[in-house]
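Everything below concerns the one structure shown next.
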Amino acid sequence: MIPEIGHILLVIALVLSFVGGLGAFALKRELPVLKISFILNLLLIGSFFALIYSFVIDDFSVAYVAQNSNTNLPIYYKFAATWGAHEGSLILWILSMNIWLLTFIFFDNSKNTNFSNYVFGVCCLVIFSFLLFTIFTSNPFERILPIPPINGADLNPSLQDFAFTVHPPLLYFGYSGLLIPFAISISAMLSGQPNKDWASSSRPWTLLACSFLTIGIGLGSWWAYYELGWGGWWFWDPVENAAFVPWLLAVALVHSLLVTENRNIFINWSLLLSIFAFAASLLGTFLVRSGILTSVHAFALDPERGLFILGIFSFFVLGGLVIFAFKNSTNNVASFYSLNSKEFGLLLNNLLLVVLAVSILFGTLYPLIYEAFTDGKQISVGAPYFEFIIFPFAILLGLLQGIALYISWGSTKSFSFIGKLIVEAISISLLTLVLLFILFDELISASFFAIFIFAWILAGSLMINFSFKSFANYLDFVNRRIGVMLSHIGMALLVLGIGVVSSYSSEKELIIKPGEKVEFLNKDIELLAIKDVQGPNFISKTAEIKVSDDKRVFNIQSEKRTYFPSGQVTTEAGIDTGLFRDFYVSMGDNFKEDSWSFRLQSKPFIRWIWLGALLITLGTFISSINLIRKQ
Amino acid sequence: MNPIRKQRIYALIAILAGSILAVGLVISALSKNLNLFYSPTDLLNNNLSSDTLIRAGGMVREGSIKRSSDSLSIAFTVTDFKNDLLINYSGILPDLFSEKAGVVVQGYLESEGTFRAVEVLAKHDENYMPPEVAKLLEEDE
């Protein structure tokens, strides 16, 4: 009964969103948009809970539950399995779009009724189209009747993990957050909202979407690192790129909205970029869920679903572009800015971010293009392509970021800060090199670029040499810009983490048996024992490993798990985490008797990558909240 | 020159420079980093040099996995049901590697019918078949 109620709630939400969407465009008067959004939200939450309920009580007559859960699954994962596959994650996606809409309407204080109505209308239509998609191609409440299976097929073991349970909701929240700037852009064009007004309505929500995208991607990377057992933190997999491209565009949009709001220029660019950022997030959905690209994120391989999403994508993106073609702002106030202005700096920032996003998208889609033009020849574009592309962009963006806070609108009066900035950056670089030398006894030239860029952004973001009258003045300045400073410093840490981990990492593969000792990076590594361990829904071989060097002795446990009922084998890496170095042990295969192969890895500074992502999340979040409070 | 026009020209130059940089990078990166996918049959009729990094794949033939007992070397045969390819690899295999499962390897063709893999690609999901391999098997049926 409960699944049927969930289904009916979805259908009611479908009708309501359609009526709401049409009403917003047809009726030129004030509408109870807050009430409708709220009711829509209740309907979707009800439906989502119906699905959670079906998981928790093991209702295997529901096909989606039967495919993704099992009576042996711990209760926490039954709950999280709700969004473990295509159908359930769609409900979560729609719900999060609705939460964005509700929050936006709640804080919206625009005097222009048409503006608010149209934002509401666009959101409703997008939600409607996704509901239509869900109900007709991916209904999570479909029953297996008359004979339901006795037990379910189980949740993919790699997904039975804490980070997994929070990574998708946060990422979806980020993706779907790009709906708001899109809706604002369309609405601004249709209602003729003044530029400064719509840009300042859009900016906090774009920042917030950015914040969620960052934490979502960061958690995904962290999860891949410790759960997949390979020690990699980014694979340039199409699905990762599908999240990275919207992130780049969202970051570009945050910066271009800043110019539109403050200087009344880059208007058409911001309008267009809002459409493209949303388009990229839809395209990401399409790539993940249509199965047209080779990816480790095997979602549902269903061409019919792919076509449907492509339909939604074309309708909204082409629709948005048509509106842009007819209604773009011709009110281009000529505002003068020179080459040394913040405007020009931000223009370069946008240019680099967008061109980078396009290049990454191109590499991701190239296998499809190639296949189409060469009559079915298969090809793959690997990590080296993306690393090669991103390197120069990262350096240019980093150089710009270092001076970002110093330059002024219109024209920068004095560039005397540059000299001091260079001195600061070199000093920080040297200190970092000394630290690396103390830690690892060597200097690797491949990391020098990243170290300098880190130092440059850090020095530039701290603004130590900016002429402040007193320390109190500096604190006041920091207080007003805490959001941007934190996110830029986060970027600096991220760059350092990437630079060091990709040049200082080392690994060794070997076979050892209990009692045997080996040496790796001046550490004695001893395999103490291999134990059989019984988990709630798996059995595991657990290797107990003792690591000792001149400073300390610690134990690491690395596991090989076999999950039932699927029989799938997973590697649970043993990790000794540290701010400066992770020590990572993964278990390979069983050789004769009790000897096993192991991969030992050292991952210096890898934590800094996620620490950086965390700071970016925090910084954009604070900026957004401050802006919302001001409204 | 009128300052607004000058400003537009600067912006245009920046955009052009950015696009040229990107196109140049993309072309040069693509020319070096593309890995073509081959089936065992493709490789039979191909004069590939042994220093071109390529991808190959198919189904791991039942009973073909031979491990060394004291080193990480392993050999196995992949098949597209028309022809076989012997793969040599040294290292730890992904969890989902098994007999009668699809696999994609990246590496170099050494001599006729032998392939030296530098990487064996893993996927998250046991039911997942790399599209290249799925297509290969489909064509066969």
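Readers should treat all values here as calculations from the given coordinates under stated rules, not as data from a laboratory. Bear in mind the structure is a predicted one, so any value in this text is a computation, not a measurement. All Cβ positions, even for glycine, are placed from backbone atoms using ideal geometry, and neighbour counts span all protein chains on display.
If you put +1 on each Lys and Arg Cβ and -1 on each Asp and Glu Cβ, how big is the dipole of region A:388-539 around its Cα centre, in Debye rounded to 20?
800
Could you work out the local net charge near A:S624, counting Lys and Arg as +1, Asp and Glu as -1, over the other residues with Cβ closer than 12 Å to its Cβ?
Charge balance near A:S624 sits at +3.
Using +1 on the beta carbon of Lys and Arg, -1 on that of Asp and Glu, and nothing else charged, what's the dipole of region A:506-608 about the Cα centre, debye to 20?
220
Can you give me the distance in nm between label points at A:T562 and A:F391, each placed 7 Å from the Cα along the Cα-to-Cβ direction?
Inter-label distance under the simple model: 4.5 nm.
How many angstrom separate the Cα center of region A:548-601 from the Cα center of region A:60-128?
Rounded to whole Å, the Cα centres lie 38 Å apart.
Evaluate E = 1/(1 + (r/R0)^6) for A:L318 and A:L27, where r is the Cβ-Cβ distance and R0 equals 41 Å; express this FRET efficiency to the nearest 0.05.
Calculated value: 0.95.
Which value at 222 nm does chain B reach when only helices count, each DSSP H run of 4 or more adding -39,500 (n - 2.57), with the total divided by all residues and rounded to the nearest 500 deg cm²/dmol?
Value at 222 nm, helices only, nearest 500: -10500 deg cm²/dmol.
Would you work out which of A:N473, B:L86, A:A446 lies farthest towards the positive end of the dipole of the protein assembly as shown? Charges go on Cβ: Lys and Arg +1, Asp and Glu -1.
A:N473
Of A:F554, A:L611, A:G220, which is farthest on the positive side of the dipole of chain A, counting Cα position, with +1 on Lys and Arg Cβ, -1 on Asp and Glu Cβ, and the Cα centre as origin?
Among A:F554, A:L611, A:G220, the one farthest towards the positive end of the dipole of chain A is A:L611.
Mind checking the dipole of chain B: about its Cα centre, +1 per Lys or Arg Cβ, -1 per Asp or Glu Cβ, Debye to the nearest 20? Don't skip to the answer; put the middle values down first.
Working: 13 positive and 18 negative charges, 242 e Å.
The dipole magnitude comes to about 1160 debye.
Once you place label points 7 Å from the Cα toward the Cβ at A:I144 and A:N109, how far apart are they in nm?
Rounded to a tenth, the inter-label distance reads 5.5 nm.
Hey, if you put +1 on the Cβ of every Lys and Arg and -1 on every Asp and Glu Cβ in the protein assembly as shown, which of A:L405, A:F60, A:P536 ends up farthest toward the positive end of that dipole?
A:L405
Give me the net charge for the shell around A:G6: Cβ to Cβ below 15 angstrom, other residues only, Lys and Arg +1, Asp and Glu -1.
My count for the surroundings of A:G6 gives -3.
Between A:Q568 and residues 5 or more places away or on another chain, which pairs have amide H atoms under 5 Å apart, with H built 1.01 Å from N, and which residues are they?
A:Y563
Can you tell me which of B:N35, B:N47, B:N88 moves the most in a GNM of chain B? Springs connect C-alpha atoms under 10 Å apart.
In this elastic network of chain B, the residue with the biggest mean-square fluctuation among B:N35, B:N47, B:N88 is B:N47.
Return the FRET efficiency for the residue pair A:I438, A:L368: r is the Cβ-Cβ distance, R0 is 51 Å, and the value is rounded to the nearest 0.05.
Once the sixth-power term is evaluated, E becomes 0.55.
So what's the net charge close to A:G192: Lys and Arg +1, Asp and Glu -1, counting the other residues with Cβ under 15 Å from its Cβ?
Working: positive: A:K28, A:K111, A:K196, A:K327; negative: A:D197.
That sum, taken over residues with Cβ under 15 Å, equals +3.
Provide the per-residue ³J(HN,Hα) series for region B:87-96, in order, calculated from phi with Karplus coefficients 6.51, -1.76, 1.60 and θ = phi - 60°, each as a whole number of Hz, with x at glycine and proline positions.
Taking θ as phi minus 60°, the curve returns 10, 10, 8, 10, x, 8, 7, x, 4, 8 Hz for region B:87-96.
For region A:569-576, what does the Karplus curve 6.51 cos²θ - 1.76 cosθ + 1.60, with θ = phi - 60°, yield as ³J(HN,Hα) per residue in whole Hz, taken in order and with x for Gly and Pro?
Values, residue by residue: 9, 10, 9, 9, 5, x, 10, 9 Hz.
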